[in-house]
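S.K.: A single structure is presented below for examination.
Derivation of every value follows stated rules applied to the coordinates shown; laboratory data play no part. Computed from a prediction, not measured in an experiment: that's the story for all the values here. Cβ sites come from the backbone with ideal geometry, for glycine too, and all protein chains shown count toward neighbours.
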Amino acid sequence: MPDIIQLLPDNIANQIAAGEVIQRPASAVKELLENAVDAGATEIRLIIQDAGKALVQVIDNGKGMSETDARMCFERHATSKIRHIDDLFRIRTMGFRGEALASVAAVAQVVLKTRKPDDEIGTYIEIENSVVVKQEPVATPIGTNIAMKNLFFNVPARRNFLKSNAAETRHIVDEFIRVALSFPGIFFSLTSNGQEMFHLEKGTLKQRIVQVLGNQYNARLVNVQEKTDYLNIQGFIGKPDTAKKTRGDQYFFVNNRFIRSAYLHHAVMSAYQDMIAADSFPLYVLFIDLDPSQVDINVHPTKQEIKFEDEKIVYAFVQAAIKHALAQFSITPTLEFDLDPGIQQLDAVSKPFTEDKQAAAATSPLFKNFSQKHQAHFIQPSEKSELKNWKDFFEDREQTAGGSQTSSGNTSGQKFESLLDKLKGEDIIPDYAGFLQKPADTGIPGRLQLEVDEQSRLTQLHNTYIVASTNRGFILVHQQLAHERVLYERYLKAANGKAIASQQSLFPVTLQLSAQDAVLLAELMNDLNQLGYLIEPFGAQAFVIQGTPADMDQGNEKTVIENLLEQYKHFTSELKVSKREKLVRSLAWQHAIKQGKALTEQEMKVLLQELFRCNQPNTTANGNPTYIEFKKDYLEQLFKR
Ligand code: ADP
Ligand code: MG
């Protein structure tokens, strides 16, 4: 009998080990972002394609690697961050196990370009299946540019385990947000399929929270900051009136590392007791810093769980710090009264913090340790200006909600008058009268107004374009974009007035969401109801779709809502666009008939009628043209007539 035990080849051993570290594209994102942070980068760009399945790329301007290091970094247990076992207890960097790049190289095709600031030339390395397939000098900017392509290309079983693109993108966004929140001093961007989802300028933590978690928190954050010899806590918590029925905006970082801790969550919740409804959750973004020797971050491979040397002290400290912050906030709201009487109406301000609670917080033994310097810092000098912004924010919203439609005034008078009259009685076209004010008629006198020639046939080209003869020449209409405009105005009207009727779902679909998306959906729920989607919460992060717009086929509502949440996040950088506006744009985009769809002549007719009943028929809400006009004189010129 021959011996049967063999050593596994490196690449297989690495693949197995990779299973622990890289479970999905988001795990790679986390590791690569952390490496960039550890490298001292001040600008970090994350680029993904196909939810990270096709590409995860991180470009940083950090310290780069030498040629040897660039090759070494893909070896298992290769790290520059610890040398001795004792170092483990002094860890200040995000990584230290030396496993991430080895794992990535085992399950993806990796291209690395890196250059140290003092080197003239950088190093290019291509690696696949843990094997270097190409290495050469390369001209490249200072820092590291690492691209991980086709994750799990060589482990199809794992690839099949990946979830939908929407779900995987959400995981990536979650990781991105965690890193972005813990390093507000670093510029971050996230580009997904060529579209920039996040563009986060360097700033304060408060600014970063508002950038990432939403403007609704602007001026509604309470500063938490306490220091003792043993540990420090700093960060922000939401004023009680910002608490939501769904979880999602709760973040703990220990020594800048995101952690999950039901225990510490409980500490925060208990501090809010009686200030918020029992089933609601306040926002918090809290950073606990303590001597690394007091924590064991090594207990879990993905490093999200944590063991404190003395858990009870940390609990009591967190609870006391939050109570203190809340007490500070509710006994000193006078500054706010001076600034804006509207704020007095806010629940958080009018709801008193009971006196014995204040006393309890103030006499808590932990506070005796706090140095004077770090107390009573809630009202920061910057608070004033932020309150002003808070007001601006609401004004902006009002403007965008009603104003965007009327902003361009060159579109009036382009109507299908006669056809319209015919159809009015039949109620095919929703009546837009009374919906946003029509822009003033700016038609230049003497110039013919555009009118589609009803007698002539409509022609569809490439199942995408509709050619229609007009009194001035002809127009080429893009069916998808035109329909997007029509739906946009219809939904906007519904969002601001009479709700769209819904039909009860026969088989209500359940949506299980990430914490972040659940919060988002909870926020959008009322507006969605207006638009015909009846959605109800169903537990912490689940929702049931009870009804869909009456004029819509049922079946794909789940996808619609998932896409909507994704898109909604794409829009987050456009702060000027109101919540409702984003929602309406996204739904219009999703429900529009697509290019490539054959239309009957009747469908084309109705589409054109509806288009020219719009307030702003010539572009979509995003500014794309819906049709192009070819005037007779222009055509004649072309043919030199
Ligand atoms: P760890 O981060 O645990 O040390 P990794 O496998 O993530 O292990 O990285 C291995 C080593 O490669 C790091 O210790 C670091 O020296 C180097 N490295 C990785 N990414 C970068 C980067 N973006 N810039 C500079 N050096 C890097
Ligand atoms: Mg690392």
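S.K.: Using DSSP to call loops (not H, G, I, E or B), can you name the GluC sites (Glu not before Pro) in the stretch 144-216 whose Cβ has at most 14 other Cβ atoms within 10 angstrom? If you can, show how the numbers build up before the last one.
M.R.: Working: sites: Glu168, Glu175, Glu196, Glu201; in loops: Glu201.
The qualifying sites are Glu201.
S.K.: Would you mind classifying the stretch 89-180 by shape? Square roots of the alpha carbon gyration tensor eigenvalues, ordered a ≥ b ≥ c; an a/c under 1.5 is rounded, otherwise it is prolate if a/b is larger than b/c and oblate if not.
M.R.: Values: a/c = 1.86, a/b = 1.31, b/c = 1.42.
It comes out oblate by the Cα gyration axes.
S.K.: Okay, moving on. From zero up to wherever the largest Cα-Cα distance of the stretch 205-328 sits, split into 10 Å bins and tell me the percent of pairs in each.
M.R.: 13, 47, 33, 8
S.K.: For the stretch 10-200, what is the relative contact order in percent, using Cα pairs closer than 8 Å and at least 6 residues apart in sequence? Kindly include the intermediate steps, with their values, before the conclusion.
M.R.: Values: 411 pairs, mean separation 54.0, N = 191.
In percent, rounded to a whole number, it is 28.
S.K.: Please report the spacing between the Cα centers of the stretch 211-238 and the stretch 590-641 in Å, no decimals.
M.R.: For the stretch 211-238 versus the stretch 590-641, the Cα centre distance is 51 Å.
S.K.: Another question about this same structure. Among Asn218, Leu286, Gln250, pick out the residue whose Cα is farthest towards the positive end of the charge dipole of the stretch 205-328, where Lys and Arg carry +1 and Asp and Glu carry -1 on C-beta, about the Cα centre.
M.R.: Asn218
S.K.: Could you give me the ³J(HN,Hα) list for the stretch 488-502, computed from phi with Karplus coefficients 6.51, -1.76, 1.60 and θ = phi - 60°, whole Hz, x at Gly and Pro?
M.R.: Values per residue, Gly and Pro as x: 4, 5, 5, 5, 4, 5, 5, 5, 9, x, 6, 5, 6, 5, 10 Hz.
S.K.: Return Arg159, Arg92 ranked ascending by Cβ neighbour count within 10 Å, so the fewest neighbours appear first.
M.R.: Values: Arg159 14, Arg92 10.
In increasing order of surrounding Cβ atoms, one gets Arg92, Arg159.
S.K.: Give the long-range amide H neighbours of Val254: residues separated by 5 or more places, or on another chain, with amide H under 5 Å away, using H modelled in the peptide plane at 1.01 Å from N.
M.R.: It is Ile259, Ile288, by chain and number.
S.K.: Report, in whole Å, the centroid distance computed from the Cα atoms of the stretch 1-49 and the stretch 133-148.
M.R.: 18 Å
S.K.: Still on this structure: List every residue whose amide H lies under 5 Å from the amide H of Ile44, counting only residues 5 or more places away in sequence or on a different chain, with H placed 1.01 Å from N in the peptide plane.
M.R.: Phe187, Phe188, Ser189
S.K.: What is the extension gain from Ile12 to His84, computed as 0.36 nm multiplied by their sequence separation minus the C-alpha to C-alpha distance, in nm to one decimal? Each step should come with its number before you reach the end.
M.R.: On the way: separation 72, 0.36 × 72 = 25.92 nm, distance 2.76 nm.
Extending this stretch completely gives an extra 23.2 nm.
S.K.: Using 0.36 nm per residue, how much length does the chain from Asp69 to Gln554 gain when fully extended, once their Cα-Cα distance is taken away? Please report the intermediate quantities before stating the final value.
M.R.: Numbers: separation 485, 0.36 × 485 = 174.60 nm, distance 5.58 nm.
The span from Asp69 to Gln554 would gain 169.0 nm if fully extended.
S.K.: Ok, one more. Can you work out the base-10 log of I(q)/I(0) for the stretch 10-200 at q = 0.08, 0.11, 0.16, 0.17 1/Å, using the Debye formula on its C-alpha atoms alone?
M.R.: -0.23, -0.45, -1.00, -1.14
S.K.: Using each residue's phi in the stretch 122-130, evaluate 6.51 cos²θ - 1.76 cosθ + 1.60 at θ = phi - 60° and report the 3J(HN,Hα) Karplus result to the nearest Hz, with x for Gly and Pro.
M.R.: For the stretch 122-130, the Karplus curve yields x, 10, 10, 9, 10, 9, 8, 6, 6 Hz.
S.K.: Can you run phi through the Karplus equation (6.51, -1.76, 1.60; θ = phi - 60°) for the stretch 531-548 and list ³J(HN,Hα) in whole Hz, with x for Gly and Pro?
M.R.: Whole-Hz 3J(HN,Hα) from phi for the stretch 531-548: 8, x, 9, 8, 10, 10, x, 8, x, 5, 10, 10, 9, 10, 8, 8, x, 10.
S.K.: Related question: For Gln216, project a label point 7 Å along Cα to C-beta. Then give me every residue of the stretch 155-191 with its amide nitrogen under 11 Å of that point.
M.R.: none
S.K.: If you don't mind, another one. Could you pull out the chymotrypsin sites (Phe, Trp or Tyr not before Pro) across the stretch 466-572 that fall in loop regions by DSSP (anything but H, G, I, E, B) with no more than 16 other Cβ atoms inside 10 Å?
M.R.: Numbers: sites: Phe474, Tyr488, Tyr491, Tyr533, Phe538, Phe543, Tyr568, Phe571; in loops: Tyr533, Phe538.
Those satisfying the criteria are Phe538.
S.K.: If you take every residue apart from Phe89 with its C-beta less than 12 Å away from the C-beta of Phe89, what net charge results, scoring Lys and Arg +1 and Asp and Glu -1? List each step's numbers first, then the result.
M.R.: Working: positive: Arg90, Arg92; negative: Asp86, Asp87, Asp291, Asp296, Glu309.
Charge balance in the 12 Å sphere: -3.
S.K.: Going by how many other beta carbons lie within 10 Å of each one, how would you line up Leu638, Leu506, Leu513, fewest first?
M.R.: On the way: Leu638 9, Leu506 6, Leu513 22.
Neighbour counts put them in this order, fewest first: Leu506, Leu638, Leu513.
S.K.: In the structure shown, do any of Lys30/Lys239; Lys53/Lys558; Lys239/Lys579; Lys239/Lys558; Lys163/Lys558 have a Cα-Cα gap over 24 Å, and if so which? Display every interim value, and only then the final one.
M.R.: Numbers: Lys30/Lys239 30 Å; Lys53/Lys558 22 Å; Lys239/Lys579 21 Å; Lys239/Lys558 33 Å; Lys163/Lys558 15 Å.
Cα-Cα > 24 Å for Lys30/Lys239; Lys239/Lys558; rest within.
S.K.: Going 7 Å from the Cα of Asp119 along its beta-carbon direction, which residues of the stretch 50-69 have the amide nitrogen within less than 19 Å of the resulting point?
M.R.: 58-69
S.K.: Moving to a separate point now. For a distance above 16 Å, tell me the whole-number percent of Cα pairs in the stretch 487-554 that qualify. Don't skip to the answer; put the middle values down first.
M.R.: On the way: 1071 of 2278 pairs.
Of all Cα-Cα pairs in the stretch 487-554, 47 percent lie more than 16 Å apart.
S.K.: Contour minus end-to-end for Asp310 and Asp296, with contour as 0.36 nm per residue of separation and end-to-end as the Cα-Cα distance?
M.R.: Details: separation 14, 0.36 × 14 = 5.04 nm, distance 1.11 nm.
Length gained, Asp310 through Asp296: 3.9 nm.
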